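One structure below.
The values are calculated or read from the model by the stated rules, or taken from the named source; none is laboratory data. Since the model is a prediction, treat every value here as computed from it, not as a measurement. Using ideal geometry, Cβ is built from the backbone for each residue, glycine included, and neighbour counts are taken over all protein chains shown.
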Amino acid sequence: MSVNLKENIRFLLNSWMVDKFLKFLVYEKRFSRHTSLAYEKDLNQFFSFLKVQFQIHTEQSIAHIHLRAWVVSLLEAQLNPISVNRKIACLKSYFKFLNARGLLVKNPASRIKPLKTEKKLPSFLRLSETTSLLDHIEYDNSFSGKRDQLVIELLYASGIRLSELINLKEEDVNTYDGTLKVLGKRNKERLVPINEFLIKMIQSYLKTYKSTGELKAYLLLTDKRKQMYPMFVYRLVQKYLGQITTLKKRSPHVLRHTFATHMLDRGAELNAVKELLGHTSLAATQVYTHNSMEKLKKTFDQAHPKA
């Protein structure tokens, strides 16, 4: 068998395995398309590294030392440890997938561990800043103004993610029950309660929306009547947060963090906040208890005579 033919067979086998894995992520694990594309990019990068550095073309030839070498190369390129950990998670998932299906005898990623990273507390708005954002900013009485206000209110009042926001449809809003149907990560649906004020705001927005005669599939649209996209929402949120806070981070996720922190500060149970946020485990929600604990410590220091 010629060298070129062997190379072609190896390439086709490798591509088939990767393709099978990516389909598994999307259709069984219900990962988003964005995540599966990131995993595909990581795997292509990894295999390119192996081919150049070790002349390795098949999964059967990969050992633990090769994975370590790739991680070292990423760190030498000064890649953020959080990004490196995502790539490690990708490899661990890929080789576990192959091993579980008998496509690989040994799992070379079984002993590799994620890097230690600095745990940062989520950024959030103080209550006074939130009051300024919701009550003191004046929005135009136009389609764009009502949409901007609704975006800010929805992110803070419901704690939904950016991806969940831009994929909302009119039928997802139940004004009778006062709920919002949200399609979260891995296509998991959940219901989020919304208050009467937000319901009236949505109705007012829809009235202006429908007056144009251009009904679209999605609830929130750009000025050009297209579905909103992530950067559009980022710019919108940064515009309004910049008017009321000195926080360096002014992303839509800051409003989600603010929602969770304020809920816990006001006595909400951790499990309830977990369900509202759409987290799969309490560990992801517990990070917000640190913010609440910092507030309690400050109160203790200010009020306790022996502090």
ask   = Taking the condition at pLDDT below 90 and farther than 21 Å from residue 185 by Cβ, does residue 104 pass?
value = yes
note = Exactly one of 46, 24 is surrounded by 15 or more Cβ atoms within 10 Å (Cβ to Cβ), over 16 Å from residue 112 (Cα atoms) and either of a type in the set (A, V, I, L, M, F, W, C) or modelled with pLDDT of 90 or more (or both), and that one is 24
query = Of all residues in segment 98-138, how many are among the hydroxyl-bearing types (Ser, Thr, Tyr) and within 25 Å of the chain's Cα centre (by Cα)?
reply = 3
task = Collect the residues in segment 198-233 that are without any contact (Cβ under 8 Å) to a residue 24 or more places away in the chain, out of contact with any Phe, Trp or Tyr (no Cβ under 7 Å at 6 or more places or on another chain) and of a type outside the set (A, V, I, L, M, F, W, C), keeping them in residue-number order.
result = 200, 207, 210, 211, 213, 214, 216, 224, 225, 226
request  = Write out, first by first residue and then by second, each pair whose Cβ atoms fall under 9 Å of each other, whose residues are 6+ apart or on separate chains, and whose first residue, in segment 126-139, is within 16 Å of residue 250 (Cβ to Cβ) while the second is loosely packed, with under 15 Cβ neighbours inside 10 Å and not aliphatic (A, V, I, L, M).
outcome  = 132/243; 133/243; 137/243
remark   = Subset of segment 239-285, residues of a type in the set (A, V, I, L, M, F, W, C), surrounded by fewer than 20 Cβ atoms within 10 Å (Cβ to Cβ) and either under 23 Å from residue 147 (Cβ atoms) or touching a Pro at 6+ places or on another chain (Cβ under 6 Å) (or both), comes to 244
key: Condition broken by residue 249, with the remaining ones in (1) at pLDDT below 90; (2) more than 16 Å from the chain's Cα centre (by Cα) satisfied   = (2)
inquiry  = Looking at segment 56-69, can you tell me whether even one residue there is within 30 Å of residue 188 (Cα to Cα), part of a loop (DSSP other than H, G, I, E, B), at pLDDT below 85 and touching a helix residue (DSSP H, G or I) at 6+ places or on another chain (Cβ under 8 Å)?
reply    = no
request  = Collect the residues in segment 172-200 that are aliphatic (A, V, I, L, M) and either within 28 Å of residue 30 (Cα to Cα) or in the same structural domain as residue 35 (by TED's automatic domain parsing) (or both), keeping them in residue-number order.
outcome  = 173, 180, 182, 183, 191, 192, 194
request  = Considering each of 93, 144, 61 in turn, give the residue that is of a type in the set (Ser, Thr, Tyr) and not assigned by TED's automatic domain parsing to the domain that holds residue 38.
outcome  = 144
note = Across segment 213-253, the tally of residues that are of a type in the set (A, V, I, L, M), outside any loop (DSSP other than H, G, I, E, B) and farther than 18 Å from residue 135 by Cα stands at 3
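Identify all residues within segment 147-157 that are under 18 Å from residue 204 (Cα atoms) and either buried (at least 24 other Cβ atoms within 10 Å of the Cβ) or not charged (D, E, K, R) (or both); write none if there are none.
149, 150, 151, 152, 154, 155, 157
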ask   = What are the residues in segment 128-160 that are of a type in the set (Gly, Ala, Ser) and either touching a Phe, Trp or Tyr at 6+ places or on another chain (Cβ under 6 Å) or modelled with pLDDT of 95 or more (or both), if any?
value = 145, 159
inquiry  = I need the full set of residues from segment 184-196 which are surrounded by fewer than 17 Cβ atoms within 10 Å (Cβ to Cβ) and at negative phi, in order please.
reply    = 185, 188, 189, 190, 191, 193, 195, 196
message = I'd like to know if segment 283-290 contains one or more residues that are part of a helix (DSSP H, G or I), touching a helix residue (DSSP H, G or I) at 6+ places or on another chain (Cβ under 9 Å) and at pLDDT 85 or above.
response = no
